[in-house]
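J.: Provided herewith is a single structure, encoded as structure tokens, for subsequent inquiry.
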Amino acid sequence: MSYIGNPPAEAYTNTVKDTFSGDGSTVAFTLSLPTTTNNVRVVVENVVQDPTVAYGVSGTTLTFTSAPPSGTNNIYVVHLGPAVQTVQPPSDLSGNFTLTGDLTQTGDYTLTGDASISGQLDTASILPITDATSSLGIGSNRYTDLFLSGGVYLGGTGAANYLDDYEEGTWTPVIADAETGGNTASLANANGYYRKIGSVVNLQVQLVNIDTTGMTGGNILYVQGLPFASNTQQAIGAALLDKITLSGSAVGYIGSSKDTLYFLENISNTPDAAITVSDVYSSGSDITASFTYFTNS
Amino acid sequence: MALTERTIEDKIEVVGDFKHVQVRTATVIERDGVEISRSFHRHVLAPGDDVSGESTEVQAICAAVHTDEIKAAYAAHLAAQAENGV
């Protein structure tokens, strides 16, 4: 059926009625809600009272200008548009919901559907509600990249489970006849690459057409310029030495707390011997090697 | 659209008992001022190394940490390893 006028309001506030019993002497009565004089309809003995003339309201106190007569429940007050002290939103909020201000949630929040956040989430931490039961993403709904200024704990929460660094880059290998300084070889190509995962460094080095002219033949052949100094642990690596005189199999070697490496020959029943400059052909020798070692950083 | 390249020493670390100074040089490629690429090159300076070709900042750090005491200790460390045959 059609109607004339404004559509009915759909607010979820209740109209409140307070009832009192007069005793012929009491002029002040306490209302259940704070209000103002013109926001209540006051009826005594079923006679509507004139606001400000017959009564006034301040906060929750209704004060008559003269005491209403005695009677049981002979005074009632209807709050017209009562002030709402607490608004409880409906338990089922459907449709779009736009919040332009801040939302502070002190209790638990259960979201069973999807949530779309286009802005930033300002939070000190986001924690699962229980320990070790939730995944971040699933096989079919993965995140792309993860940016962390710190590290990540894997498989445990101790310092030994903490992975704090990944880095890859290049370094410049220099062949020299001393551990520091010294005479250096010329090379057609000298390529060095590294990948650092936590404190573990994987090192690749390729030296092409080593020319040892000007170097001291009896000195150890060093490769200077490692990207990270080793820690106190020594390390060995695989090495392919082309056109270099060997008496046994060769391995690469990084000593403790060093930023250089060199090569050793494993000779049966003989102490290890370092590859020297004179073991290298004067030109055309190549070295390809790979190492894994630990660093302090 | 302007592409620019610049290199910076974006990380300088002092590590280990002998105060090795690890220097990371970043090559940064920017398009109109927005970084689109960053690659790293590294080298290490041990006590006693020639640092004359380093930046003033690295030289200052090396001067501070590579004291005569540290240099002597590192030289002794190298000599000890050489005596051990490795």
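Just so you know, all these numbers are worked out from the coordinates, no wet-lab data involved. As the structure is a computational prediction, the values presented were derived from the model and not from experiment. Virtual Cβ from ideal backbone geometry, glycine too; neighbours counted across all protein chains shown.
J.: Computed over the Cα atoms of chain B, what is the convex hull's projected area averaged over all directions, in nm²? Numbers along the way, then the final one.
T.: Values: hull surface 27.8 nm².
Average of the hull's projected areas for chain B equals 7.0 nm².
J.: If you take each beta carbon of peptide A:215-228 and count the beta carbons of other chains within 10 angstrom, what is the mean?
T.: Per residue, the number of nearby Cβ atoms from other chains is 2 on average.
J.: Scaled to the compact-protein estimate 2.2 N^0.38 Å, what is the alpha-carbon radius of gyration of the protein assembly as shown, rounded to two decimal places? Before the final figure, lay out the partial values.
T.: On the way: Rg = 41.0 Å, N = 383, 2.2 N^0.38 = 21.1 Å.
The reported ratio for this selection is 1.94.
J.: Within region A:142-245, which chymotrypsin sites (Phe, Trp or Tyr not before Pro) sit in a loop by DSSP and count at most 13 neighbouring Cβ atoms inside 10 Å? Let's see the in-between values first.
T.: Details: sites: A:Y143, A:F147, A:Y153, A:Y162, A:Y166, A:W171, A:Y193, A:Y194, A:Y222, A:F228; in loops: A:Y143, A:F147, A:F228.
For chymotrypsin sites (Phe, Trp or Tyr not before Pro) across region A:142-245 that sit outside H, G, I, E and B with at most 13 neighbouring Cβ atoms in 10 Å, the list reads A:Y143, A:F147.
J.: Now for a separate question. State, to one decimal in nm, how far the label point of A:E168 lies from the label point of B:E35, with both points 7 Å from Cα in the Cβ direction.
T.: 1.8
J.: Please name whichever of A:V174, A:G56, A:N161 sits farthest to the positive end of the charge dipole of chain A, dipole taken about the Cα centre and charges placed at Cβ: Lys and Arg +1, Asp and Glu -1.
T.: The one lying farthest along the dipole's positive direction is A:G56.
J.: While we're on this one: Working from Cα positions, state the angle (0 to 90°, nearest 10) between the long axis of helix B:68-83 and the longest principal axis of chain B.
T.: Its long axis makes an angle of about 70 degrees.
J.: May I pose another question? In degrees between 0 and 90, to the nearest 10, how far off the longest principal axis of chain B does helix B:56-65 point, with axes built from Cα atoms?
T.: For helix B:56-65, the angle is close to 30 degrees.
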